[in-house]
Amino acid sequence: MKIKSKRHLFLAILLVFCFFSSGCNKIDELKVKAGLKNTDFEYIKQGKIQKIVIQSTRDQGFRFIVTDQNAIRELYDILSTAKTSNEKSSLEPDYVFEMDEGNNKVHKFNYIAGLEKKDSGNLYSNDKIYVVSKRIDNDIIKSFWTIRKPKDFQEVYYGSMIEALNQYLKDKDKNKAVGVSLKDDVESGKFILSTDLEDFKGNLKSEFKNVSLADKDKENYDIWVTIKTQGYKSTLYKAIVVFWDKNERSEKRYYIFDKYENGRWNIKVSEEKPDAF
């Protein structure tokens, strides 16, 4: 029998025992002993947290404040069932959570969205690491978004970048090292997640010989690529991709003008600036 099954069986037996004894008020203690609950976030349950600030790490202008007590209690339910871990994920955090207890006491955590691995922590402070359910993404973060991102953002954003790379590199020396930087694309930074970047890295590796994601060490690359989002709606995405060839000291621009029509995205990348751009 698997350890998880044994743990649930153990809890079931304890709950039955509790039901027929005077210890029914100790169910939470039994959950803690069974490893199904932690007590590190009891200060939330006790009503000490009146405000939670959630800040994007890639767009300092994108933050929202949670004061709704139902949402705060829901966050407690998620965090109190988190498993502790000895190792945090190597991915960069997407958000910073600050839970304000008052009197200058703030509980601060880094959070990696879209990640839910049993042995890799996706929520961590300076001294504790947790594996937290992805419910935070949908139940907490997305429910407070007031910005509508482009439909199928991952497909549009990363797919357009790959198309621009294909067009530019088709006549270039395939041995040139190409670095792609998304760091300065502040307009889309709020939508970029570390897990999506990992997928993008894999796609770059499979599509091209010497192209990699790189936000620093520009001098180590023969060609440096940047993108700046110019505007978006749920069915429209516009951006400019700039290629800088260090050896030739030349710059080339491509214009992305994607539209969602007839149930699908039409990804359009061109050297000429579209009239409606």
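Worth pointing out:
- Flag not set for A276, criterion: surrounded by 13 or more Cβ atoms within 10 Å (Cβ to Cβ) and of a type outside the set (V, I, T).
- All conditions but one from (1) farther than 17 Å from F144 by Cβ; (2) of a type outside the set (A, V, I, L, M); (3) under 16 Å from the mean Cα position of the chain (by Cα) apply to K37; the one that does not is (3).
- Test result for D184, loosely packed, with under 13 Cβ neighbours inside 10 Å, closer than 30 Å to N110 by Cα and among the charged types (D, E, K, R): yes
- Checked against the criterion of being of a type outside the set (A, V, I, L, M, F, W, C) and touching a Leu at 6+ places or on another chain (Cβ under 8 Å), the candidates S120, S85, S133, S89 yield just one match: S89.
- When residues of the stretch 185-236 are limited to those that are of a type in the set (D, E, K, R) and closer than 15 Å to L169 by Cβ, the one nearest to the chain's Cα centre (by Cα): K205
- Long-range neighbours under 8 Å by Cβ, at least six apart or interchain, first residue assigned by TED's automatic domain parsing to the domain that holds V242 within the stretch 157-170, second surrounded by fewer than 18 Cβ atoms within 10 Å (Cβ to Cβ) and basic (K, R): Y168/K252
- Among the residues making up the stretch 77-106, a single one is in a helix (DSSP H, G or I) and surrounded by fewer than 17 Cβ atoms within 10 Å (Cβ to Cβ): D77.
- Taken over the stretch 241-264, the residue count meeting the criterion of being more than 29 Å from the chain's Cα centre (by Cα) and closer than 18 Å to D184 by Cβ is 3.
So that you can scan it fast, the table gives a plain yes or no per residue for (1) surrounded by 13 or more Cβ atoms within 10 Å (Cβ to Cβ); (2) touching a residue at least 40 places away in the same chain (Cβ under 8 Å):
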{"site": "N203", "(1), (2)": "yes, yes"}
{"site": "F208", "(1), (2)": "yes, yes"}
{"site": "E219", "(1), (2)": "no, no"}
{"site": "D222", "(1), (2)": "yes, yes"}
{"site": "K233", "(1), (2)": "yes, yes"}
{"site": "K246", "(1), (2)": "yes, no"}
{"site": "K268", "(1), (2)": "yes, no"}
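- Picking from residues in the stretch 102-154 that are under 16 Å from A71 (Cβ atoms) and of a type in the set (S, T, Y), the one that is modelled with the lowest pLDDT is T146.
- Tally of residues being closer than 30 Å to E116 by Cβ, among the aromatic types (F, W, Y) and modelled with pLDDT of 95 or more across the stretch 155-198: 2
The values are calculated or read from the model by the stated rules, or taken from the named source; none is laboratory data. Just so it is clear, the model here is predicted, and its values are computed rather than measured. We place every Cβ from the backbone using ideal geometry, glycine too, and count neighbours over all the protein chains shown.
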